[in-house]
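Any read-out appearing in this document is the output of simple, stated calculations on the displayed coordinates, not a laboratory observation. Predicted model, so just to flag it, every value in this text is computed and none were measured. In this analysis, Cβ positions are derived from the backbone assuming ideal geometry, glycine residues included, and neighbour counts consider all displayed protein chains.
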Amino acid sequence: MNFQIPTKFGRFTQRAALVSTICIGTVFAQAYPNRPIQLIVGSSAGGGGDTAARLVAQPLGELLGQTIVIENKPGAGGNIGADMVAKAAPDGYTLLWAYTGHVINPGLYAKLPFDTVRDFSPVAIVATNQTMLVVRPGLPVNNVQELIALARREPGKYTMGTLTGSSQHLAGELFKSLAKIDILFVPYKGAGQALNASLAGEIDVMFNTVAVLQPHIKAGKLRALAVAGKTRSPVVPDVPTISESGLPGFSSIGWYGVVAPANTPADVVAKLSDAITKIMARPEIKSRMLSMGNEPVAMSTAAFDSFIREEIPRWAKVIKDAKIPTE
């Protein structure tokens, strides 16, 4: 025998089921997170990116009520860690501490095991870190215009060196392209080796982070010409930007941020983004970030997503124009 619920009761049951589903979803959203969160860092422990990640992880865990467990996955320019997160469950419990290489690698590697745009959900940008243009003290230049003039007078004579494919390398190639100058690039296996060569006077010009270069500038071992961002750095406010020093439109910044696997629920992304924004507004966190040469920034999730989408083709063009070999 077939038994049917009267129509009015059937409608009541449907409405009840709908309300129940909404309530369950709300409970899940409110419950996040209910277990530790894994933050993948694609560099070795103790480096600048790792240190910045740990500075954020502890207060983030306290604010969310769960432990943030950092797992270092160095290798392949950060791609090993990124691939791990791209393939993780989109539930907010596996996150990536992304940095500048995240937008450089699509142009630097012939084939990646993930799509940098399609396979990630941007959460929040945390801080930027300015790059600085410096020269050895013996080079007869005191500003950007004098460096450009010197390089134009004697093309190919002067050298610039750092780790091949790094953000500092690309900043140098962008500088050469916009200034229309020929400075010989000298590749090094690491930024540390390049810095030592610069301090020894073996190379003439270098781009490196403010945090790394500042002690050597104060000691008179290197001469600062300009910072590479759109605005001056609060860490070295007296140093002009390259753009205001004779090369309008030049901009190259490093950054740190958090991204999640694609399709992570919007409410989870919003909760993480809101928590990170609150943490980065704390005076003690700002102060410690600045002491590391990083500048805390506030950027919406949508703006962070647009930033990533814009940076990828911009650096891909620099890589192609400079004929940097892909890996």
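Just Val236, Val210, Val259 to compare: in a GNM of the chain, with alpha carbon springs under 10 Å, which one fluctuates most?
Taking springs between Cα atoms under 10 Å, the residue moving most is Val236.
Write down the percent of antiparallel bridges among all DSSP beta bridges whose residues are both part of the chain, to the nearest 5. Please report the intermediate quantities before stating the final value.
Numbers: 25 of 41 bridges.
Given both bridge residues lie in the chain, the antiparallel proportion sits at roughly 60 percent.
Can you give the charge dipole size of the chain about its Cα centre, rounded to the nearest 20 debye, using +1 on the beta carbon of Lys and Arg and -1 on the beta carbon of Asp and Glu? Display every interim value, and only then the final one.
Numbers: 31 positive and 24 negative charges, 57 e Å.
For this selection, approximately 280 debye.
What residue among Thr51, Thr116, Thr128 shows peak mean-square fluctuation when the chain is described by a Gaussian network model with Cα springs under 10 Å?
Thr51
Which is farthest toward the positive dipole end of the chain among Val318, Pro237, Gly65, measuring Cα position about the Cα centre, with Cβ charges +1 (Lys, Arg) and -1 (Asp, Glu)?
Gly65
What value, in deg cm²/dmol to 500, does the helix sum -39500 (n - 2.57) over DSSP H runs of n ≥ 4 give at 222 nm once divided by the residues of the chain? All intermediate terms of the calculation are to be shown ahead of the outcome.
Working: 11 runs with 144 residues, N = 327.
Calculated at 222 nm, the ellipticity per residue is -14000 deg cm²/dmol.
Helix 266-280: angle to the longest alpha-carbon principal axis of the chain, degrees 0 to 90, nearest 10?
Between helix and principal axis, roughly 50 degrees.
Out of all DSSP beta bridges with both ends in segment 125-235, state the antiparallel percent to the nearest 5. Could you put the intermediate results ahead of the total?
On the way: 9 of 15 bridges.
About 60 percent, rounded to the nearest 5.
In degrees, nearest 10, range 0 to 90: what is the angle between the Cα axis of helix 144-153 and the longest Cα principal axis of the chain?
The answer is roughly 60 degrees.
Given the options Phe114, Ala302, Val126, identify the residue whose Cα lies farthest towards the positive end of the charge dipole of the chain (+1 on Cβ of Lys, Arg; -1 on Cβ of Asp, Glu).
Ala302
Using only Cα atoms, find the angle between the long axis of helix 7-31 and the longest principal axis of the chain, and express it within 0 to 90 degrees, rounded to the nearest 10.
30 degrees
With Cβ to Cβ distances under 11 Å as the rule, what net charge do the other residues near Gly165 carry (K, R +1; D, E -1)? List each step's numbers first, then the result.
Details: positive: none; negative: Glu173, Glu327.
In short, -2.
I need the trypsin sites (Lys or Arg not before Pro) found in segment 90-152, filtered to DSSP loop residues with at most 13 other beta carbons within 10 Å of theirs. Please list the in-between numbers first.
Working: sites: Lys111, Arg118, Arg152; in loops: Lys111, Arg118.
Sites meeting the loop and neighbour criteria: Lys111, Arg118.
In straight Cα distance, which lysines are under 25 Å from Lys320, not counting same-chain residues fewer than 8 positions off?
Excluding near neighbours in sequence, the set is Lys111, Lys157, Lys176, Lys180, Lys189, Lys230.
With each pseudo-label sitting 7 Å past Cα toward Cβ, what's the Ala266-Thr231 distance in nm, one decimal?
3.0 nm
Could you identify which residue out of Gln38, Gln168, Gln130 has the top mean-square fluctuation in a GNM of the chain using Cα springs shorter than 10 Å?
Gln38
If you take every residue apart from Pro234 with its C-beta less than 15 Å away from the C-beta of Pro234, what net charge results, scoring Lys and Arg +1 and Asp and Glu -1? Show your work: numbers first, answer last.
Details: positive: Lys230, Arg232, Lys286, Arg288; negative: Asp238, Glu295.
Taking every Cβ under 15 Å from that of Pro234, the sum is +2.
Using a cut-off of 10 Å between beta-carbons, work out the net charge of the residues near Ala262 (Lys and Arg +1, Asp and Glu -1, Ala262 not included).
Values: positive: Arg118; negative: Asp115, Asp119.
So the surrounding residues net to -1.
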